[in-house]
Amino acid sequence: MKKIWITSALMVVLAMVALVFWNTKQTLQIIDSEQLAQWMTDEKEMVIVDLREPELFEEGRVPHAINIPFAEINEKYRSIPTDKKVVFVCHTGRMGVESGNLLLENGYKDVANLDGGMAKWTGQVES
């Protein structure tokens, strides 16, 4: 009887640990232009990372974005602060999803991707 009780208690503890771990796993936020524009107004501690090639970045970008081309994100992501919200912008959103997941896998907590990328960005463009 004692073995059954200990085994049951151990199972409950393991289930609780698994549940806590599962609930704390961060997921990539997918946002639209309107949400990003709102964050740009409200958030003081945010980094917008444009993943496009430097030529396209120079032609026009989301205001205050920095450029880390997608081909370089694996080597340079550590230069992005971990204590700020990070938003990825690319051509259409695909590279932002990959880059966002890379950051989440490496301990970043607050990461988003602009759905549709610059193709769907409706806010101001800086050049």
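Nothing in this text is a laboratory measurement; each read-out follows from the coordinates by a stated rule. Being a predicted model, the structure only gives us computed values, none of them experimental. Cβ placement follows ideal geometry from the backbone for every residue including glycine, while neighbour counts extend to all protein chains displayed.
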Mean Cα-pair separation over length for the stretch 26-120, i.e. relative contact order, pairs under 8 Å, 6 or more apart, %: 38
Modelling each spin label as a point 7 Å along the Cα-to-Cβ direction, I'd like the M40/Q124 distance in nm, to one decimal. 0.7
Can you give the net charge of the other residues whose Cβ lies under 13 Å from the Cβ of G93, counting K and R as +1 and D and E as -1? -1
Taking 2.2 N^0.38 Å as the expected size of a compact globular protein, what ratio does the Cα radius of gyration of the stretch 26-120 give against it, to two decimals? 0.95
Cβ under 13 Å from E126's Cβ, E126 left aside: what net charge do those residues give with Lys, Arg +1 and Asp, Glu -1? -2
May I ask you to sort R94, R78 by Cβ crowding, counting other Cβ atoms within 10 Å and putting the fewest first? R78, R94
I need H64, H91 ordered by Cβ neighbour count within 10 Å, fewest first. H64, H91
Taking the Cβ of each residue in K3, K85, K76 as the centre, tally the other Cβ atoms inside 10 Å and list the residues starting with the fewest. K3, K76, K85
Net charge near E58, counting Lys/Arg +1 and Asp/Glu -1 over other residues with Cβ under 13 Å of its Cβ? -3
Straight-line reach from K76: which lysines have Cα under 22 Å away, leaving out those fewer than 8 places along the same chain? K84, K85, K109
Quick one: if you stick a label point 7 Å off each Cα along the C-beta vector at E58 and I4, how many nm between them? 7.6
For the stretch 23-81, build the convex hull from the C-alpha positions and give me its volume per residue in Å³. 124
Label-to-label distance, nm, for residues given as E75 and V97 (7 Å Cα→Cβ offset): 2.7
Using amide H atoms built 1.01 Å from N in the peptide plane, name the residues 5+ places from V111, or on other chains, whose amide H lies under 5 Å from its own. Q29, V86
